[in-house]
Amino acid sequence: MAASLKEMLDFKGRIAKALKDQQLRGAIRFTADSLRTKRNAAVGDLNAQAAEQMSIGTFTDLRQQARKIKEHTLAHLDYYLTRAAEQIRANGGTVHWAANAADVVRITEEIIDRRNAKKVIKAKSMASEEVFLNHALEAKGVEVVESDLGEYIIQLAHETPAHIVIPAIHKTRRQIADMFGEVAGREMTTDTPTLTKFARETLRKKFMAADIGVSGANFLVAESGTICMVTNEGNGRLSTSVPPVHLAIVGMEKLVPTLEDLAVLYGLLPRSATGQKISTYFNMITGPRRPGEPDGPEELHVIFLDNGRTNILGSKYEETLMCIRCGACLNVCPVYRNIGGHAYGAIYPGPIGSVISPLLNDFNEWTDLPQASSLCGACTEACPMGIHLHDHLVNLRMDMVTQAKADPGFTRVMKLWMAAWRRPAIYRLMSKVGYLGMRMYAKKRDDGTEVAEHLPGPFAAWTNTRNFPPVVKRTFHERWADLEQEGKK
Ligand code: SF4
């Protein structure tokens, strides 16, 4: 069942639960590490190829080109949306505009009613997760089946995706075998061929019986009206070509102007997401089935989804609309790697989720998320679009204090802190007081280093899960002054 709003918003409770779950933390770290390593290798390969003049550029070149493409697209989004809509219609498709989640549900239900549809098969689509489409359709009595293997697993578990790219990142083989065994009505072994064979056989029947196929889009090319899907399973192709109706839910920021631009963005996505040079499948869908064509849907519908995106457009957060949902920022984030996706409570987890969830939803309900970061900047470094995630997290914290219903006590403390640190004399005094205070809790370890293992009062929140290095006796300013003196000698 879907989590209640209260459950979704109990952030600290979910973090505490996740931190105690060693199996979850182990599973997330294992996969995130593997994805990060493969991504780094793929970036290295691309750079090596560029040095040999065998690619269209280094990773940095592609990132710069991609940013330019997206900056241009976002600056002229009205034009490119109009262009894409004209092309989709010219190709024989139908275009719908959804201002919010309710619009997507209404439009989908209208299509379902007109077609008297009973069964829906879905390819992976974060946009459909964002609008809770499955729950709405199931409440209407429609059978909805997720066909991406990871999505199918979490659908059986009645959960939301724990990662943008790997939805079932937190599940072990044993858990998956048990869930599949329940559906099959028999004991299931945990080997990959057995599990995938079962999923393939089960889902194949669902593709053939479906009345409507629902997908998202990784990109939509405005000049041709082409829906592009990057997948590693054949489910994307089957979901969009076997059922008589294909419905694509497309966030309006997914547009790219031309096929040439697409090549740049596609060069970044599989490398950043899974460390692949290219994905196993790359589907380009331009209109429904034409006369004489052997397959493809009779009807093709594209729903362009706003759902808060136009609020971000033109704001200081606009570059977040460049996100290509590769998940690379999740894999390197020390917070995500320890608590996993569900602890965030939002559909989009990790650094990008902590930024866009408050922006796409009611800001006051998601003020905790921008705090879920050490501001180490690893996310920004990994992001193929160069989105300054850590800067946006800081800006959101500022907005939280100035605009949202932030805890007044917290706001007062932060204002006092700011006032004190702006005055050098008070800053120096606080450093001395901090040093003396920490001496009471510092413990010497065998290797000679000192740490504080238990701090009192509100500081205990830090030492409950990690040690605190004691404040050093000589401050940075004092050491700097010494070095300057030495330099003059
Ligand atoms: S913010 Fe960047 S790294 Fe994170 S999912 Fe989006 S494109 Fe990928």
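Scan region 473-481 and tell me whether some residue there is modelled with pLDDT under 90 and under 29 Å from Leu396 (Cβ atoms). Yes - at least one qualifying residue is present in region 473-481.
Among the residues of region 135-157, those that are part of a helix (DSSP H, G or I) and over 16 Å from Pro243 (Cβ atoms) comprise His135, Ala136, Glu138, Ala139, Leu149, Gly150, Glu151, Tyr152, Ile153, Ile154, Gln155, Leu156. Restricting Leu375, Leu393, Leu369 to residues that are closer than 30 Å to Leu46 by Cβ and either outside the structural domain of Pro351 (by TED's automatic domain parsing) or within 16 Å of the chain's Cα centre (by Cα) (or both) narrows the list to Leu393.
Considering region 383-398, and only residues there that are buried (at least 16 other Cβ atoms within 10 Å of the Cβ) and hydrophobic (A, V, I, L, M, F, W, C), the residue that is farthest from the ligand (Cβ to nearest atom) turns out to be Leu396. Among the residues of region 49-65, those identified as of a type in the set (S, T, N, Q) and surrounded by fewer than 16 Cβ atoms within 10 Å (Cβ to Cβ) are Gln49, Gln53, Thr60, Gln64. Restricting the first member to region 319-335 and to residues that are within 23 Å of Ala75 (Cα to Cα) and part of a loop (DSSP other than H, G, I, E, B), and the second to residues that are near the ligand (Cβ under 9 Å from one of its atoms) and polar (S, T, N, Q), the beta-carbon pairs closer than 8 Å and six or more apart or on different chains are Ile324/Ser272; Cys326/Ser272. Taken over region 362-382, residues that are more than 16 Å from the ligand (Cβ to nearest atom), part of a helix (DSSP H, G or I) and touching a residue at least 40 places away in the same chain (Cβ under 8 Å) amount to 3. In region 417-424 there is no residue that is over 23 Å from Met252 (Cβ atoms), over 17 Å from the mean Cα position of the chain (by Cα), of a type in the set (A, V, I, L, M, F, W, C) and within 16 Å of the ligand (Cβ to nearest atom).
Taking the condition of being more than 29 Å from Cys323 (Cβ to Cβ) and not in a helix (DSSP H, G or I), how many residues in region 108-134 meet it? Here the count works out to 4.
One line per residue, one yes/no per condition, for (1) closer than 30 Å to Arg25 by Cα; (2) crowded, with 21+ Cβ neighbours inside 10 Å:
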| position | (1), (2) |
| --- | --- |
| Leu300 | no, yes |
| Thr310 | no, no |
| Met322 | yes, no |
| Asn331 | yes, yes |
| Gly353 | yes, yes |
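So for region 297-320 (the condition being touching a Pro at 6+ places or on another chain (Cβ under 7 Å), modelled with pLDDT of 95 or more and of a type in the set (Gly, Ala, Ser)), does at least one residue qualify? Checked region 297-320: no residue is touching a Pro at 6+ places or on another chain (Cβ under 7 Å), modelled with pLDDT of 95 or more and of a type in the set (Gly, Ala, Ser). Every condition in (1) of a type in the set (A, V, I, L, M, F, W, C); (2) closer than 30 Å to Lys316 by Cβ; (3) in contact with a Gly (Cβ under 7 Å, 6 or more places away or on another chain) is met by Ala18 except one, and the failing one is (2). In region 383-402, the residues that are over 15 Å from Ala372 (Cα atoms) and of a type in the set (D, E, K, R) form Cβ pairs under 8 Å with partners that are away from the ligand (no atom under 12 Å from the Cβ) and part of a helix (DSSP H, G or I), at six or more places apart or across chains, as follows: Asp399/Phe363. Here the condition is being modelled with pLDDT of 95 or more, in the same structural domain as Thr280 (by TED's automatic domain parsing) and touching a Pro at 6+ places or on another chain (Cβ under 9 Å); of Glu138, Glu146, it holds for Glu146 alone. Within region 136-147, the set of residues being over 17 Å from Ala168 (Cα atoms) and in contact with a strand residue (DSSP E or B) (Cβ under 9 Å, 6 or more places away or on another chain) comprises Leu137, Glu138, Val142, Glu143, Val144.
Screening Val105 against (1) touching a Phe, Trp or Tyr at 6+ places or on another chain (Cβ under 9 Å); (2) in a helix (DSSP H, G or I); (3) modelled with pLDDT under 95 leaves a single unmet condition, (3).
Counting only residues that are of a type in the set (A, V, I, L, M, F, W, C) and away from the ligand (no atom under 16 Å from the Cβ), which one in region 162-188 is surrounded by the most Cβ atoms within 10 Å (Cβ to Cβ)? In this case the residue turns out to be Ala168.
The values are calculated or read from the model by the stated rules, or taken from the named source; none is laboratory data. Note that this is a predicted model, so its numbers are computed, not measured. Don't worry about glycine lacking a Cβ; one is built from the backbone with ideal geometry, like all the others, and counts go over all protein chains shown.
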